[in-house]
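So the structure is just underneath, and the comments pick up after that.
What follows draws every value from the coordinates through simple rules; no lab data is involved. Predicted model, so just to flag it, every value in this text is computed and none were measured. Note that we place each Cβ from the backbone using ideal geometry, even for glycine, and neighbour counts take in every protein chain shown.
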Amino acid sequence: MTSLIVRAATRLLVGLLLMFSIWMLLRGHNEPGGGFIGGLIGATGFILYAVAHGSKAARVALRIDPQTIAMAGLGLALLAGLAGFIPGDGLFAGQWLFIGATETDKGTPLSTILVFDIGVYLVVLGAVLTMVFALEEEV
């Protein structure tokens, strides 16, 4: 049984952990971070929620089955890898698309590397939550 303080604090911490996980995901290209550590931090938020409110409430808060999240991430990472074949390069060759490019400015770069990182984020988030929810429901 958890206290009211733990339950109230958990709601705030889950939001902070999810925002921090997205920040770690997006900064991971040039500095430490990326999809793996971002997925672990995001899963930590939902695990904390499951400890305070129960795994059924955490599944409701997640809204999507964790296995579905993992499979979607795996598909997204595979698509990012196959995108290298479009211009004739090899598997997992990075491709960039510059949005809003002008003659003087390159624009905003979007890459298949970021798409791959998002896929890894989703795989890690889904896999960890699948394992933790299964373990917590057994107890």
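Kindly rank 115-123, 70-78, 12-20 from highest to lowest mean number of other beta carbons found within 10 Å of each residue.
Those peptides, ordered most packed to least, come out 115-123, 70-78, 12-20.
Between [x] 49, 28, 23; [y] 45, 31, 28; [z] 61, 30, 24, which matches Cα extents along the principal axes in Å calculated for the structure shown?
Of the listed options [x] 49, 28, 23; [y] 45, 31, 28; [z] 61, 30, 24, [z] comes from this structure.
Take the eigenvalues of the Cα gyration tensor for the stretch 65-139, scale each by 5, and report the square roots as semi-axes in whole Å, largest first.
Calculated on Cα positions only, the semi-axes equal 34, 14, 7 Å.
Just want to confirm a number: the relative contact order over the chain, from Cα pairs under 8 angstrom separated by 6+ residues, in percent.
Details: 196 pairs, mean separation 38.8, N = 139.
Here the relative contact order equals 28 percent.
Specify the inter-centroid distance of the stretch 38-69 and the stretch 72-132, based on alpha-carbon positions, in whole Å.
Between the Cα centres of the stretch 38-69 and the stretch 72-132 lies a distance of 24 Å.
Taking 30 Å as R0, compute the FRET efficiency from the Cβ-Cβ separation of Glu103 and Glu31 and round it to 0.05.
The formula returns an efficiency of 0.45 here.
Which length gain, in nm to one decimal place, applies between Asp89 and Ile5 when the Cα-Cα distance is subtracted from 0.36 nm times their residue separation? Mind showing how you got there, number by number?
Values: separation 84, 0.36 × 84 = 30.24 nm, distance 5.50 nm.
Difference between extended and current length: 24.7 nm.
Which residues make up the longest stretch of the chain clear of trypsin sites (Lys or Arg not before Pro) that lie in a DSSP loop with no more than 13 other Cβ atoms within 10 Å, not counting the sites?
No qualifying site falls inside 1-62, the longest such stretch.
If I model a spin label at Ser111 and Phe20 as a point 7 Å from the Cα along the Cα→Cβ vector, what separation in nanometres do I get?
Spacing of the two 7 Å Cα→Cβ label points: 2.6 nm.
Tilt of helix 112-138 relative to the longest C-alpha principal axis of the chain, in degrees (0 to 90, nearest 10)?
The helix 112-138 is inclined about 20 degrees to the chain.
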